[in-house]
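Here is the structure we will look at.
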Amino acid sequence: MTDSILLISGPNLNLLGEREPEIYGPEHLEDHVATAAAEAKRHALALRHIQSNHEGELIEAIHGARGQDAAIVINAGAYTHTSWAIHDALAAYDGVVVELHLSNPASREPFRHTSVIAPVADGAIVGFGGLGYALAVEAVARLLSSH
């Protein structure tokens, strides 16, 4: 396994900067990926990124990370609350998993209060906006160094 992180961005995150900026902020997804990549570089980690609006593509990316990436940082968007298939794929992954959200789902609509990813994640970074991307990579680096 390499010293790399797979950053997964789920549905509608390609619309960041345009979609509900009062909730998700004015930054675009590319800005957040650049933040994560800079933090990864600071820790001598490589970062790969995939964004898809399709559940199967996200699952294939998780499967592809097995034996290749030391960690996954995942912002699964709305799939966080509904996708047992993503849950199962992450459960079969043997590296570090950090769940990430720009907003705080617990402070939003009731359907967002449950994460099906949380039970298979090492931890979650939520509600810090774009800062969450750097925090998630920092968490990965610390978890990897303690293993």
Legend entry - Estimated dipole of the chain in Debye, rounded to 20 [Cβ of Lys and Arg +1, of Asp and Glu -1, Cα centre]: 260
Inset, instruction - Jot down the radius of gyration and Dmax of segment 2-146, Cα atoms only, both in angstrom. - result: 13.8, 39
Legend entry - Those trypsin sites (Lys or Arg not before Pro) in segment 1-93 that DSSP places in a loop and that have at most 12 other beta carbons within 10 Å: 19
Legend entry - Difference of contour (0.36 nm per residue) and Cα-Cα distance, residue 54 to residue 85: 10.0 nm
Legend entry - Dipole-positive endmost among 105, 147, 8 within the chain (Cβ charges, Cα centre): 147
Inset, instruction - Can you bin segment 5-72 into rounded, prolate or oblate? Criterion: square roots of the alpha carbon gyration tensor eigenvalues sorted a ≥ b ≥ c, rounded for a/c under 1.5, prolate for a/b above b/c, oblate for the rest. - result: oblate
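Can you check what the net charge comes to around residue 16, using other residues whose Cβ is under 10 Å from the Cβ of residue 16 (Lys, Arg +1; Asp, Glu -1)? Display every interim value, and only then the final one.
Details: positive: 19; negative: 18, 20, 27, 30, 31.
Neighbour charge sum, excluding residue 16 itself: -4.
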Inset, instruction - Within 10 Å of each residue's Cβ, count the other Cβ atoms and sort 117, 23, 74 from fewest upward. - result: 23, 117, 74
Legend entry - the chain - mean residue ellipticity at 222 nm from DSSP helices (-39,500 (n - 2.57) per run, n ≥ 4, rounded to 500): -11000 deg cm²/dmol
Inset, instruction - Measure out, as a whole number of angstrom, how far apart the alpha-carbon centroids of segment 117-147 and segment 52-77 sit. - result: 15
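Sum up the charges of everything whose Cβ sits under 13 Å from the Cβ of residue 131, counting Lys and Arg as +1 and Asp and Glu as -1, but leave residue 131 out.
-4
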Inset, instruction - Sticking with the crude label model, points 7 Å out along Cα→Cβ, report the distance from residue 122 to residue 46 in nm, one decimal please. - result: 1.9
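Each reported figure results from applying straightforward, stated rules to the coordinates on display, with no laboratory input. Everything numeric here is computed off the predicted structure, so don't read it as measured data. Heads up, the Cβs are rebuilt from the backbone with ideal geometry, glycines too, and the neighbour counts pull from every protein chain shown.
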